[in-house]
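What follows is a single structure, written as structure tokens, with notes after it.
Read the figures in this text as sums done on the coordinates, not as results from a lab. For clarity, every value in this text was computed on a predicted model and none was experimentally measured. Ideal geometry is used to build each Cβ from the backbone, glycine not excepted, and the neighbour counts take in all protein chains shown.
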Amino acid sequence: MAISPELFKPLDKNRVQADEARPSITYWQDAWRRLKKNPLAITSLIFIALLTLTAIVGPFLSPYSYSDQDFDNIHLRPCREHPFGTDNLGRDILVRTMYGARISLAVGFVAAITTCVIGVLFGGISGLAGGKIDNLMMRFVDIMYSIPFLLWVIMLIVILDPEGSKGVNLSSIFIALGIVYWLPMARIVRAQILSLKEQEFILAATTIGAKKRKILLQHLIPNVMGSIIVTATISIPEAIFTESFLSFIGLGVSAPMASWGMLASDALTTLRSYPHVLVFPAVAICITLLAFNFIGDGLRDALDPKMRK
Amino acid sequence: MRKNLAMFFVVLLLAASLAGCTTGTDNGEMVIQYNVGTEPETMDVHLSTGIPEASIMLQIYEGLTRMDALGQPQAALAKTWDISEDKTEYTFHLRESKWANGEPLTAHDLAWSWKRSLDPELAADYAYMLYPIEGAEAYNSGKGNLADVGIEAVDDLTLKVKLVGPTPYFLSLVSFKTYYPVYKQFVEADPEGWHLKVETTVANGPFKMEKWENNQIEFVPNEHYWDAGAVKADRLVFSMVENASTELTMFENGDLHMTNTVPGQEIPRLKAMPELHIFPYLGTYYYIFNMEKAPFDDIRVRKALTMAIDRQKIVDKVTQGGQLPAFAFVPPGIPEPNGNDFREKGRDYFEENLETAKDLLAAAGYPNGEGFPAFSILYNTSEDHKLIAEAIQEMWKQNLGITNVTLTNEEWGTYLQSRDEGAFTVARAGWIGDYNDPNTFLDMWTTGNGNNNSGYTNAEYDKLVAECLQESDMNSRNEKLHRMEDIFMEEMPIMPIYYYTLPAMVSENLKGYSSIIIGGVDFKTAYIAE
Amino acid sequence: MLEFVVRRLLSAILAIWVVITVTFFFMHAIPGGPFQRDKVLPPAIKENIEKRYKLDDPLLVQYKDYMLNLLKGDLGPSFKYRGQTVNGIIAARFPVSLQLGLVAFAFALLVGVSVGIVAALNQGKILDYLVMSFSTLGVAIPSFILGTLLMLVLSYKLGLLPPATWGTPLHIIMPAISLGALPTAYIARLTRSSMLDVLSQDYMKTAKAKGLPRRRIVWVHAIKNAIIPVLTYSGPLLAGIITGTFVVENIFAVPGLGKHFVTSIYNRDYTVILGTTVFYSMILIGLNMLVDIAYSQFDPRIKLSARKE
């Protein structure tokens, strides 16, 4: 192949502009575009939206309240009046499940957010700083891991609730979750950043004088997004079940209001006699958690900076 | 991946084939399997307080008397006894008996053991069970001497006990753990840990411990037991399963002959089965009103709330364990001197009457519940307590129009503190008798008593309690006890809900056991019928 | 390396001391005490007991005594289980929890990592959705429901396994599955996510371009780098799982240590609270240290010692 000077002629200026005229898309727009192509994730998103709506509006449409008892209709199997049946005090399981959704969804969302915000920042700073600061910050995480959670909880009950709880008290649950739920996230993020920060693109960014803050938020965290999302989605079920434990021992929601976790664990004792009491809340939990996980998987794939075209 | 799955199934299959070998310990041996419900807190008889411990110790120890199912003491280590005219001096005549290792057991062993129970350095919870004995309380509180304690071994087979006052239930008391003899030589050799080892747990009951591992205790008959002929089982196996559903599964699987309890919610299903037994249990479940807090200082409010719940519904639909609706405080099952049941003579102190309840509430200034201050029901963490509280909350709402009742659930330690400090308005409580006498239910309501969490105080009541301690005429003592309950229930510092029962599953071929009304199961004469 | 280990050990001792101190004062601050009974003890008897266990000493003296005994390796007597020492309780029960925990951990690690790899290599295909949905069930069904269901099916209905108690290898199977389900799901997700991260990296493309066999690329290059998040999670997971889990032990009547972490707090059994906490924190901090050392073995870019800056 002959090399001729024609091959090296400068590009037409207009063509260059035409190339760059491709609409500039931000990271997030791009992610959303890719997420939309994932049918499972979108279906799950719609499901969660509908569920949230049902949780808010549903109870108003039901003729029963979550506390209405009917001793003549205990443990009814699903029927027209009670589509989900009734529980051991003759209460409508459908309306109780809808009320439970309010609590459990709120707890799930809050747990995921706390985990992300505190955990990612803490782990990110620790990993990026390295050395003594890292050692100090990670020992703090170890300490928080080691102090028995139950002690925190009883402490919180005493501090927040000196004269008995007044109905629904979700904020105390949020505080309890906030104390420990970010710990795994912090460790995961920190470990990956320890590895990533030695990679070429970070060295390059450091060399051209990028600020640490910028390196962390713009270069490192997007590259850890996969683990972050996986960890955040896993924290949702853990939070939902921790909530039921907290309520059980007296922190948070007080009876007769009940979250999904409470409905499920209460129904467990009657599993062999009245399985339907367990089935509905348990299935609700399962489907919701599956949906959250599919959204998580979809987000993970959508947010992966290396997938960006 | 496929490999892993295959491996997993291999393990499962292996598991299934092994399962065949482990079950069915019987090789001609008569084995009785029972679940005591939890690990014993201690095997030191003098330190222990609980029912699971009682069930274990009943098999391997024996006191001067042994309790029958109704809670009545029967001659055991003591063959006979003489009681002085004023009922304050007991002389026990022991039968000749041996420790499980064949050494003779004497009155000196008993005297030493009882004094050990009282030793302030041992610091036993139940030392107060011996307080009816002269000088016992003083010695145990560090105010008196061991020499002044009224326990004396006259000779090898005679034990003389001086009491502070006539204590008609003393023969019951001597059947308790706190009064069991312990083996001096091993206890002195290792005062802290003698009871942790099978070898040093030498006792004198129908069985002896053979091994204790993996939370399972096995007993075999004690050949030196004085009544060894009455013992029929070849082996007792006690497990310590805490979860009631698991326990039931084990029973239905044939791994247990008798359970410790039954999950209340399963009872409707189990009712059709002949294995379900409802045993009597000497206890009352009730709510305490805090009389120091308005509006519960008003007797009309207390009465209205007490009358406005449907106890039959609570026991039929909520607890479901065959409990009896309670309209008084002392439960049925306690005999009077003439043999009648104390409860039968004592009347119901109120009736459930919505009209009267509403009138009383209106008279107290809250017609139809209007303006009734917000208050909360305190209960300790448990599904059953929660269900009962939910039901009562709804009944007060429906029946009296009291709408602002909340439920407060606290874990055990916090609950006890709140209750003992009076940091509650209405609190759930239960009382199980220590011995089979009305006094165990009534002497706790005196002014300032640690167990009187209601803030109840009544001078006449206090006086009667004191008089009862010194009363040697049993009939007039009985009248006084009734009078005490009358006074107490008229003022209604508590709201009785039900009398306890002990539901349990018992295999149809298990015979000869006895479930004791104050707790514990005795397998001395138990056997498996063919 | 030696310098790192020494520094880590020193900081670990400091962290454990903080854990003990905080726990000590926390547990004395919460209401109730070890000898508060349902049936209130006569004051003289309570005094006897408090004298015997030196609970009548000023709190700081108790703290000092505890620390001095701890240095000698003596965790003190249990207040609830009278006659038993905390050392004795741990020695009797830890082996059971360790055995069960190791089985559950191995199960979670093996299944989780395999499922994660399979899913990553088939990203977006049916197999991916299938194995991930299945592993999500492990998250969606909490251990107390899973355990009860397993017992109901495998023991009660099919009679394959003994329902509860301890002693033969058969007794391990159901509790190990109940314990391992959630970690399995989490490990599967973490593995999938970080495998995808690694597979899209340039050096993977290079390896492929160089014509290395796919099997070698996956097993040697990808997994080594993708294992970091799983490794991170393994530290706290292993620490938690081998020290026992209350719920699973309760359902299957396993005589493990997990019960004491929870009931000691309900019972206000101070020495057992502290003993289990110290024990756990030593294991946790030790394992986290091993994890940090392991990082540098899997990923040589991670530097353990502080960079001189």
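Let me test this: with uniform point scatterers at the alpha carbons of the range A:41-147, what is the Debye-based log₁₀ I(q)/I(0) at q = 0.16, 0.19 1/Å?
Taking Cα atoms of the range A:41-147 as identical point scatterers yields -0.79, -0.94.
Once you average over the residues of B:252-259, how many Cβ atoms of partner chains fall within 10 Å of each Cβ?
The mean count of partner-chain Cβ atoms within 10 Å per residue comes to 2.
In debye, nearest 20, what is the charge dipole magnitude of the protein assembly as shown about its Cα centre with +1 on Lys and Arg Cβ and -1 on Asp and Glu Cβ, if you could check?
Magnitude of the dipole: close to 7920 debye.
Across peptide A:272-285, what mean number of C-beta atoms from other chains lies inside 10 Å of a residue's C-beta?
Taking all residues of A:272-285 together, the mean is 3.
Report, ordered by chain and residue number, the lysines lying within cross-link reach of B:Lys463, taken as a straight Cα distance under 30 Å and ignoring same-chain residues fewer than 8 apart.
B:Lys87, B:Lys143, B:Lys162, B:Lys293, B:Lys303, B:Lys345, B:Lys480, C:Lys39, C:Lys46
If you take the beta carbon distance between B:Ala228 and C:Asn87 as r and set R0 to 30 Å, what does 1/(1 + (r/R0)^6) give as a FRET efficiency, to the nearest 0.05?
Working from the Cβ atoms, E equals 0.15.
Kindly provide the helix-only [θ] at 222 nm of chain C, computed as the sum of -39,500 (n - 2.57) over DSSP H runs of four or more divided by all residues, to the nearest 500 deg cm²/dmol?
About -23500 deg cm²/dmol.
Using Cα positions and a limit of under 24 Å, work out the lysines in reach of A:Lys212, with same-chain residues fewer than 8 apart set aside.
Partners within reach: A:Lys132, A:Lys197, A:Lys306, C:Lys303, C:Lys308.
Compute the FRET efficiency between A:Lys211 and C:Ile293 as 1/(1 + (r/R0)^6), taking r as their Cβ-Cβ distance and R0 = 35 Å, and round to the nearest 0.05.
So the FRET efficiency works out to roughly 0.65.
Given the DSSP H assignment, sum -39500 (n - 2.57) over each helix run of at least 4 residues in chain B and divide by its residue total; what's the result at 222 nm in deg cm²/dmol, nearest 500?
Computed mean residue ellipticity for chain B: -8500 deg cm²/dmol.
Around B:Ser175, which amide H atoms from residues at least 5 apart in sequence, or from another chain, sit under 5 Å from its own amide H, with H modelled in the peptide plane?
The answer is B:Thr65.
Neighbouring Cβ atoms within 10 Å as the yardstick, rank C:Arg192, A:Arg80 fewest first.
Taking fewest neighbouring Cβ atoms as first place, the list is A:Arg80, C:Arg192.
Pop out the ³J(HN,Hα) list for the range C:243-256 in order, Karplus 6.51 cos²θ - 1.76 cosθ + 1.60 with θ = phi - 60°, rounded to Hz; leave Gly and Pro as x.
Once rounded to whole Hz, the list reads 8, x, 10, 4, 4, 5, 4, 5, 5, 9, 6, 8, x, x.
Multiplying the sequence separation of B:Ala272 and B:Glu199 by 0.36 nm and subtracting their Cα-Cα distance, what value in nm do you get?
Between B:Ala272 and B:Glu199, full extension yields an extra 21.8 nm.
Once the convex hull of the alpha carbons of the range C:159-309 is built, what does its volume come to per residue, in cubic angstrom?
169
Compute the acute angle (0 to 90°) between the alpha-carbon long axis of helix A:149-160 and the principal axis of greatest extent of the alpha-carbon atoms of chain A; round to the nearest 10°.
Helix A:149-160 sits roughly 70 degrees off the main axis of chain A.
Determine, from the Cβ-Cβ distance of B:His93 and B:Glu460 and an R0 of 25 Å, the FRET efficiency 1/(1 + (r/R0)^6), rounded to the nearest 0.05.
Plugging the Cβ-Cβ distance into 1/(1 + (r/R0)^6) gives 0.05.
Residue farthest toward the positive end of the dipole of the range C:93-254, with Cβ of Lys/Arg at +1 and Asp/Glu at -1: which of C:Asn122, C:Val230, C:Leu100?
Farthest along the dipole direction, towards plus: C:Asn122.
Given the range A:236-309 reduced to its alpha-carbon atoms as identical point scatterers, what log10 I(q)/I(0) does the Debye formula return at q = 0.12 Å⁻¹?
These q points yield log10 I(q)/I(0) values of -0.45.
Taking amide H positions as placed in the peptide plane 1.01 Å from N, state which residues far from B:Lys208 in sequence (5 or more) or on other chains have amide H under 5 Å from it.
The list, which skips near neighbours in sequence, is B:Val220, B:Asn222.
Relative contact order of the range B:64-184: what whole-number percent is it, with Cα pairs under 8 angstrom and at least 6 residues apart?
31
If the viscosity is 1.306 mPa s and the temperature 10 °C, what Stokes-Einstein diffusion coefficient in µm²/s follows for the range C:93-254 when Rh is the Kirkwood radius over Cα pairs?
Reported coefficient: 94 µm²/s.
Going 7 Å from the Cα of B:Leu469 in the Cα-to-Cβ direction, what parts of the range B:146-187 have a backbone nitrogen less than 13 Å from that spot?
What the label zone holds, given the 13 Å backbone N cut-off, is B:164-167.
Show me the helices of chain C, taken as full DSSP H stretches, that run 24 Å or more along their long axis by Cα and average 1.6 or above in Kyte-Doolittle hydropathy.
Qualifying helices, which must be both long enough and hydrophobic enough, are C:2-29, C:86-121.
For labels at A:Val180 and B:Lys345 in the simple 7 Å Cα→Cβ model, what's the distance in nm?
5.6
If you count, for each residue, the other Cβ atoms within 10 Å and average over each peptide, how do B:235-247, B:325-337 line up from highest to lowest?
Put in order of decreasing packing, that is B:235-247, B:325-337.
What spacing in nm lies between the two simple spin-label points modelled at B:Met30 and C:Leu102, each 7 Å away from Cα in the Cβ direction?
Once both label points are built, they end up 4.4 nm from each other.
Enumerate the calculated ³J(HN,Hα) couplings along the range B:84-93 in order (Karplus 6.51 cos²θ - 1.76 cosθ + 1.60, θ = phi - 60°), each rounded to whole Hz, writing x wherever the residue is Gly or Pro.
Values per residue, Gly and Pro as x: 5, 3, 7, 6, 10, 10, 10, 10, 9, 9 Hz.
Can you give the average number of partner chain beta-carbon atoms within 10 Å of each beta-carbon in peptide C:186-193, as a whole number?
Whole-number average of other-chain Cβ neighbours for C:186-193 is 6.
About the Cα centre of the range C:93-254, what is the dipole size in debye to 20, counting +1 per Lys and Arg Cβ and -1 per Asp and Glu Cβ, all else neutral?
Here the size comes out at about 640 debye.
For B:Asp297 and B:Asp190 in the same chain, what is the full-extension length gain: residue separation times 0.36 nm, less their Cα-Cα distance, in nm?
33.2 nm
Using the per-residue mean of other Cβ atoms lying within 10 Å as a proxy for protection, in what order, highest first, do the peptides B:57-64, A:212-219, B:430-437 fall?
B:57-64, B:430-437, A:212-219
What is the spin-label model distance, in nm, from A:Trp32 to B:Glu355 if the labels are put 7 Å beyond Cα along the C-beta direction?
7.0
Give the residue list of trypsin sites (Lys or Arg not before Pro) in the range B:374-454 that are DSSP loop and have at most 13 other beta-carbon atoms within 10 angstrom.
Sites meeting the loop and neighbour criteria: none at all.
Averaging sequence separations of C-alpha pairs under 8 Å and six or more residues apart, then dividing by the length of chain A, give the relative contact order as a whole percent.
Reported relative contact order: 27 percent.
Take each of the peptides B:161-167, C:39-45, average the number of other beta-carbon atoms within 10 Å over its residues, and list them starting from the highest.
Order by mean packing, descending: B:161-167, C:39-45.
Let me have the relative contact order for chain C, percent, based on Cα pairs under 8 Å that are six or more residues apart.
Normalised by residue count, the contact order of chain C is 27 percent.
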